[in-house]
Amino acid sequence: MPFTLPPLPYDKSALEPHISAKTLEIHHGKHHAAYVNKLNELIAGTPLEKKSLEEIIQATANDESKKVIFNNAAQVWNHTFFWHCLAPKNGGGKPKGELAKKIDEAFGSYDKFREEFTAAATTQFGSGWAWLVAGKDGKLKITKTPNAEDPITKGEVPLTTIDVWEHAYYLDYQNRRPDFIKVFLDSLLNWEFAEENLGRNSVFKAA
Ligand code: MN
């Protein structure tokens, strides 16, 4: 099988009390694992089997006949990326250094960034993701995407993301998505990882 479920970058209880071990057990061990298994099943015996995850995403994006493969491949990438966006210690709050400067340049202030990110994550109707990305012009911006879609198909470099599918927060927050978004911004957002992505100037390799 070409793809395997990467282990979480921390213990499953490491994000408590913000995200429970039970949520991670199901979100990583069941949902993420199911996307990996389904992707392997779908590409077995096809030319896509020889491609990297990022290549599969690009090759199947915007192709209605390959939608199921795209959905599973992109969800594998999005989740591997998302685990790194959560910091077990010293997460959330304001960024520092180069990233702080870039955020001020793009949004005017950290508070404005926060407002815009919260709005994107809150108003993504149904399942999806909210992102901080470096656009093609290098400027930071906030986007939201439905379902499995992600900004890498638009040539943007994701810096951080929040999963706003209900499976990401329902056990811990039930229907209170805004509470989950606040906790992400206050206590979980891994700014060091976001800064690594900014410095990398290319897309995170998830597999
Ligand atoms: Mn998810």
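Residues in the stretch 133-188 that are of a type in the set (D, E, K, R) and free of Cβ contacts under 8 Å to residues at least 60 places away in the same chain: LYS136, ASP137, LYS139, LYS141, LYS144, LYS154, GLU156, GLU166, ARG176, ARG177, ASP179.
Considering (1) closer than 21 Å to LYS205 by Cα; (2) open to solvent by less than 30 Å² (accessible area, probe 1.4 Å), the lone condition that LEU8 does not fulfil carries the number (2). Scanning the stretch 160-182 for residues that are in a helix (DSSP H, G or I) and away from the ligand (no atom under 16 Å from the Cβ) returns PRO178, ASP179, LYS182.
For GLU105, the test of being in contact with a Lys or Arg (Cβ under 9 Å, 6 or more places away or on another chain), open to solvent by 50 Å² or more (accessible area, probe 1.4 Å), within 16 Å of the ligand (Cβ to nearest atom) and modelled with pLDDT of 95 or more is failed.
Scanning the stretch 25-48 for residues that are away from the ligand (no atom under 16 Å from the Cβ) and loosely packed, with under 14 Cβ neighbours inside 10 Å returns GLU41, ALA44, GLY45, THR46, PRO47. Residue count for the stretch 158-182 under the criterion of being within 14 Å of the chain's Cα centre (by Cα), charged (D, E, K, R) and farther than 19 Å from LYS22 by Cβ: the result is 0. A Cβ distance below 9 Å, combined with a sequence gap of six or more or placement on separate chains, defines the contacts here; from the stretch 70-98, residues that are aliphatic (A, V, I, L, M) reach residues that are within 11 Å of the ligand (Cβ to nearest atom) and open to solvent by 10 Å² or more (accessible area, probe 1.4 Å) in the pairs ALA73/TYR35; ALA74/TYR35; ALA74/ASN147; VAL76/TYR35. Scanning the stretch 6-25 for residues that are more than 16 Å from ASP186 (Cα to Cα) and of a type in the set (D, E, K, R) gives ASP11, LYS12, LYS22, GLU25.
Looking across TRP129, TRP77, one residue alone is surrounded by 15 or more Cβ atoms within 10 Å (Cβ to Cβ), part of a strand (DSSP E or B), of a type outside the set (Asp, Glu) and under 19 Å from the mean Cα position of the chain (by Cα). It is TRP129.
Scanning the stretch 117-164 for residues that are in contact with a strand residue (DSSP E or B) (Cβ under 7 Å, 6 or more places away or on another chain) and aromatic (Phe, Trp, Tyr) yields PHE117, TRP129, TRP131. Selection within the stretch 60-74: residues that are of a type in the set (Val, Ile, Thr) and open to solvent by 20 Å² or more (accessible area, probe 1.4 Å). The member of this set that is farthest from ALA206 (Cα to Cα) is VAL68. Candidates in the stretch 144-159 are the residues that are part of a strand (DSSP E or B) and closer than 17 Å to GLN75 by Cβ; of these, the one that is most open to solvent (accessible area, probe 1.4 Å) is LYS144.
Residues that are within 16 Å of the ligand (Cβ to nearest atom) and open to solvent by less than 60 Å² (accessible area, probe 1.4 Å) are absent from the stretch 132-141 altogether.
The values are calculated or read from the model by the stated rules, or taken from the named source; none is laboratory data. Keep in mind that what you see is a predicted model, and the values were worked out from it rather than measured. Ideal geometry is used to build each Cβ from the backbone, glycine not excepted, and the neighbour counts take in all protein chains shown. These accessible areas exclude ligands, DNA and RNA; they are computed on the full protein's heavy atoms, side chains included. Shrake-Rupley method; radii C 1.70, N 1.55, O 1.52, S 1.80 Å.
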